[in-house]
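The values are calculated or read from the model by the stated rules, or taken from the named source; none is laboratory data. Note that this is a predicted model, so its numbers are computed, not measured. We place every Cβ from the backbone using ideal geometry, glycine too, and count neighbours over all the protein chains shown.
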Amino acid sequence: MALLAERWDDAGALNRERQPDRGALSRLALECDIQPLLHGRLEAADRFDLIPDKVRDELAAARHKCRMDNILLLAEAEKAIDALAGAGVVPVVLKGMDIIHRYGLDFDLRRMDDMDFLVPTGQVKDSMAALAAAGWKLPKKIYDSNWAPYHTGLESTGPIMVYLEIHWNIIQEGRYRLDPADLFARAGKLEIGGRQVLGLDIHDFAVHTLLHHVSSHFHRKLKNWVDLHLLSLEEGFDWKAVVERAREWGGLPGAAMSMRHAGRLFPDWFPRSVVGLFGPERLRSFVLKPMASVHPLDMYRKTSNRLVEMLLSAAMVSRPWRLPAAMRVFRGEPDYLRGILEVKRHDS
């Protein structure tokens, strides 16, 4: 944590107390998905003396792989953006692709798992048809889980598969209340490879990051907190606006618990004064206390267990009467999903 936050004196003091275990350090860097960024920060500060040489070499190899993977992914993303533009669709790009281009990061510092595009609900069918015509393979399933869906995935063709997700919302429908049209109204211009796309408003992006952490059941990936820290440094960013936006979406309880996790991991980036703005959440903390973890990276124990996932999901609902809608299993075919089915039938 000290290395990632560039607290070099603290890292040095920890080294003097006990030499870092090479295997543990390598494993955690991989698990937390920060290998490329960690190498970049150590290199920029010329502080490779803080880690074993073997770990330095492993981080360098991971950074090189990140560069190659991201270049491939971005090349495919440009083709997808062109296909969407041909259908009159200008998407909002999400997550890592936004962060890299918003802040001009080197492609080898922030790993992207896939590409995520938010498109207007009324243009989902046209978007899927355009991507299918450009060679993207439509999904075998229309949605990725039994919960009320808000995105679906496609695969590129070729020897190396790249994954693309089309979103018509950024958070689970039923659990939260968000009109995606508001996201487009607040979105700003962003450029990817000379192509015009959109990026989320900084406060929308912040709330999305916090609620995505909830939907991921408080995982160990730390790159999302790096993203949030970068957003918080931007001119015009206001934590009170993030709190209000989370409340508007019905996601304040989840955002509050995510901020507690963020503050626990990076108290310098997210101090108590910021975490406290989201509310104490004493009742939820008490209810979830039996599941609390003592591991410094974890908020809760056994989050890969399906029952634990369901309990966490239920606990983050903003109002008790919203629980049935939030936990319901998807059984219908809204118009935008029906449109995807029509594209698939035509494609087949």
From the residues in the range 245-280 that are in contact with a Lys or Arg (Cβ under 9 Å, 6 or more places away or on another chain), surrounded by fewer than 20 Cβ atoms within 10 Å (Cβ to Cβ) and outside any helix (DSSP H, G or I), which one is modelled with the lowest pLDDT?
Gly250
Evaluate the following for Asp126: is it crowded, with 18+ Cβ neighbours inside 10 Å, of a type in the set (Asp, Glu) and assigned to a helix (DSSP H, G or I)?
yes
Take the residues in the range 20-47 that are of a type in the set (Gly, Ala, Ser) and surrounded by fewer than 16 Cβ atoms within 10 Å (Cβ to Cβ); name whichever of them is nearest to Leu105 (Cα to Cα).
Ala44
Pairs returned, first residue in the range 281-305 that is free of Cβ contacts under 8 Å to residues at least 40 places away in the same chain and under 22 Å from Leu252 (Cα atoms), second residue that is among the charged types (D, E, K, R) and assigned to a helix (DSSP H, G or I), beta-carbon separation under 9 angstrom, 6 or more apart or interchain, are Glu281/Arg260; Ser285/Arg260
Just one listed residue, out of Asp98, Asp113, Asp108, is touching a strand residue (DSSP E or B) at 6+ places or on another chain (Cβ under 8 Å), under 30 Å from Leu42 (Cβ atoms) and part of a loop (DSSP other than H, G, I, E, B), and it is Asp113
Taking the range 281-307 as the search range and keeping residues that are hydroxyl-bearing (Ser, Thr, Tyr) and within 29 Å of Arg245 (Cβ to Cβ), which one is surrounded by the most Cβ atoms within 10 Å (Cβ to Cβ)?
Tyr300
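I'd like the residue in the range 281-302 that is hydrophobic (A, V, I, L, M, F, W, C), in a loop (DSSP other than H, G, I, E, B) and under 24 Å from the mean Cα position of the chain (by Cα) and, out of all such residues, is nearest to Leu28 (Cα to Cα).
The first filter runs over the range 281-302 and keeps only residues hydrophobic (A, V, I, L, M, F, W, C), leaving 283, 286-288, 291-292, 294, 297, 299.
Then keep just the ones that are in a loop (DSSP other than H, G, I, E, B); that gives 288, 294, 297, 299.
Now restrict to residues that are under 24 Å from the mean Cα position of the chain (by Cα): 288, 297, 299.
Details: Leu288: 25, Leu297: 10, Met299: 16 Å.
That would be Leu297.
Condition check: in contact with a Lys or Arg (Cβ under 9 Å, 6 or more places away or on another chain) and surrounded by fewer than 18 Cβ atoms within 10 Å (Cβ to Cβ). Does Asp82 satisfy that? Walk me through how you get there before you give the answer.
Values: in contact with a Lys or Arg (Cβ under 9 Å, 6 or more places away or on another chain): yes; surrounded by fewer than 18 Cβ atoms within 10 Å (Cβ to Cβ): yes.
Judged against the criteria, Asp82 is a match.
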Scan the range 232-244 and tell me whether some residue there is over 17 Å from Arg110 (Cβ atoms), surrounded by 23 or more Cβ atoms within 10 Å (Cβ to Cβ), modelled with pLDDT of 95 or more and not polar (S, T, N, Q).
yes
Residues of the range 68-79 being buried (at least 20 other Cβ atoms within 10 Å of the Cβ) and free of Cβ contacts under 8 Å to residues at least 60 places away in the same chain, which ones?
Asn70
Across (1) farther than 21 Å from Arg110 by Cα; (2) among the acidic types (Asp, Glu); (3) surrounded by 14 or more Cβ atoms within 10 Å (Cβ to Cβ), Glu17 clears everything bar (3)
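Please work out if Ala206 is small (Gly, Ala, Ser) and either touching a Pro at 6+ places or on another chain (Cβ under 9 Å) or buried (at least 21 other Cβ atoms within 10 Å of the Cβ) (or both).
Numbers: small (Gly, Ala, Ser): yes; either touching a Pro at 6+ places or on another chain (Cβ under 9 Å) or buried (at least 21 other Cβ atoms within 10 Å of the Cβ) (or both): yes.
When the stated conditions are applied, Ala206 passes them.
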Got a number for residues in the range 51-65 being of a type in the set (A, V, I, L, M, F, W, C) and not in a helix (DSSP H, G or I)?
1
Would you check if Asp53 is under 28 Å from Gly23 (Cα atoms) and acidic (Asp, Glu)?
yes
Lys65: passes all of (1) in contact with a Pro (Cβ under 9 Å, 6 or more places away or on another chain); (2) at pLDDT 95 or above; (3) surrounded by 18 or more Cβ atoms within 10 Å (Cβ to Cβ); (4) more than 15 Å from Glu191 (Cα to Cα) but (3)
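When you check Ile71 against the structure, is it touching a Phe, Trp or Tyr at 6+ places or on another chain (Cβ under 7 Å), assigned to a helix (DSSP H, G or I) and more than 21 Å from Leu222 (Cβ to Cβ), yes or no? Give the derivation first.
Numbers: touching a Phe, Trp or Tyr at 6+ places or on another chain (Cβ under 7 Å): yes; assigned to a helix (DSSP H, G or I): yes; more than 21 Å from Leu222 (Cβ to Cβ): yes.
Yes, satisfied.
Got at least one residue in the range 308-316 being within 26 Å of Leu4 (Cβ to Cβ), at pLDDT below 85 and within 22 Å of the chain's Cα centre (by Cα)?
Taking every residue of the range 308-316 in turn, at least one turns out to be within 26 Å of Leu4 (Cβ to Cβ), at pLDDT below 85 and within 22 Å of the chain's Cα centre (by Cα).
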For the range 211-261, name all the residues that are more than 17 Å from the chain's Cα centre (by Cα), over 27 Å from His39 (Cβ atoms) and not charged (D, E, K, R).
Gly236, Phe237, Trp239, Ala241, Val243, Trp249, Gly250, Leu252, Pro253
